[in-house]
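The values are calculated or read from the model by the stated rules, or taken from the named source; none is laboratory data. The structure displayed is predicted, hence computed values, not measured ones. For neighbour counting, all protein chains shown are included, and Cβ atoms are generated from backbone atoms with ideal geometry for every residue, glycine included.
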Amino acid sequence: MLPEKPLPGDPSAGLPRTIPRPSRLAMALRGGYVLASTVAHLVPAAAGAALLRPVRGRAAAGRFFYRRLVRHLQRLGPAPVKFGQIMGTRRDILPPLLCDELGRLHDRVRPMTRRELRRAVAEAYGGSTDRLFARIDPAARGSGSIAGVHHAVLADGREVALKLQRPGIRRRMELDLALIRAAAELGEKLPPGRGVPLGELTGFVCAAVLGQLDFATERVNLTELRRNFAESDHVWIPEVLPELCRPTCLAMEFIPDLVARPVAEIDPARRPRLAARTVSAVYQMLFLDGFVHCDLHPGNVYFKGPRVVVLDAGFSVRLDPIVRRQFADFFLGLALGRGRQCGEVVVDSALRVAPDADVAGFVDRVADLVRRNTGVPAKEFQLTRFGTELFTLQRDFGLYAASEFVFPLLSLLVIEGTVRDLDPDIDFQAAARPMLLRAAAATAHLAPQRRAG
């Protein structure tokens, strides 16, 4: 075994600081398979895209290739899928068309077979299954790349939800994540990646993926989120049942009739209210609590009656108080049209600034971006478009944002599509102002340190 590699994680927020390094032989064998499989699937895809481009155009050719790339990630297994899910939010790094296709990885994946389910239950509970459970439904209520959720009935008749980790998944994921990290380290040394913090970004993503295998930490995350929203009648975080939790199983209260349904099936009169409550919940995490669920894709957000149900807190981040203040300052500047303030916050929070970066020019461009997006009709303001342009400016000017700052911000971008489907007219900037003013008052004593140089 090689020594563990340090990661920029935070154990208190579910992100481990190290990733185990498998043996060189194991990495070589797995790497050889991945390389051969990738060549076999993507070379024909690239050829097809090249033939399609003069006929259908660049966008169609790109979509053709990226769709096959995403299918290939699904073939490779859970670590590449999780990595793709998270990287799909990084529109500052990847082409928007690729991010659109990576977003498809949030859809339901193949559930465990009955044999895999029996093994998963046995790994979690050993020989005590019959004593604890009267029945475990073999049909999954939800299925992800790491775990499946199954309805169960306890011996005393209570209904519970069991999130069971897929058997044998940890070793495979650690091997694949080690390969991904090694590739990023190599990429930093090659000309296209020089100056780009690929290692920091990839390390953060690997930490997030490994954190989702740690059900003990997810249990803590869910408990904290539930406590943060204890006074809210509009946000439902399932209660954890610690006496039934195991290292590979998270037991929670069962929420009946919790199924993904298209917005068209929700009463039109209820949709704007649900949209406002969803945005308010995210703003509370970002600006007031400083503890953020960063994986708010449609598979983790449901609507039941008047309430927003939030599940799966494996990828959650605790914001440093200074970062939380920077968030508040940036969004307050956006809401009030203070563009230079927004640009200065981005500079101050940057992980790395290129030696020849035109910082003053960058601030001017951000100020112009904010000016163009302040006071426009709510329907015309799109967080995704704004974020993409902001990230593009950072890339063009050589300012690389720290993942600690960017990933929680992208939680808003991930949820925007769902919110817009509910209420196309929602005003994200106006909805933020009350929370921002409260956050500014609560963090007034914190003075963010300006970046040296």
Run down Val308, Val282, Val292 and say which single residue is assigned to a helix (DSSP H, G or I) and under 24 Å from Ala431 (Cα atoms). Val282
Restricting to the range 129-170, and then to whatever is assigned to a helix (DSSP H, G or I) and touching a residue at least 60 places away in the same chain (Cβ under 8 Å), can you tell me which residue is farthest from Ile86 (Cα to Cα)? Leu132
Is there a residue being among the aliphatic types (A, V, I, L, M) and more than 30 Å from Phe405 (Cβ to Cβ) anywhere in the range 61-68? yes
Exactly one of Ala120, Ala46, Ala79, Ala139 is over 26 Å from the mean Cα position of the chain (by Cα) and more than 30 Å from Gly398 (Cβ to Cβ), and that one is Ala139
Looking at the range 240-273, which of its residues are under 22 Å from the mean Cα position of the chain (by Cα) and either loosely packed, with under 14 Cβ neighbours inside 10 Å or acidic (Asp, Glu) (or both)? Val259, Ala260, Arg261, Pro262
Considering (1) modelled with pLDDT of 80 or more; (2) surrounded by 16 or more Cβ atoms within 10 Å (Cβ to Cβ); (3) of a type in the set (A, V, I, L, M, F, W, C), say which one Ala183 fails and leave the rest. (2)
Acidic (Asp, Glu), modelled with pLDDT of 90 or more and within 20 Å of the chain's Cα centre (by Cα): which single residue out of Glu224, Glu231, Glu200 fits that description? Glu224
Cβ-Cβ under 7 Å, sequence separation 6+ or interchain: first residue in the range 371-383 and in contact (Cβ under 8 Å) with a residue 12 or more places away in the chain and within 12 Å of Asp425 (Cα to Cα), partner of a type outside the set (Lys, Arg) and assigned to a helix (DSSP H, G or I). Which pairs? Phe381/Asn373; Phe381/Phe428; Phe381/Gln429
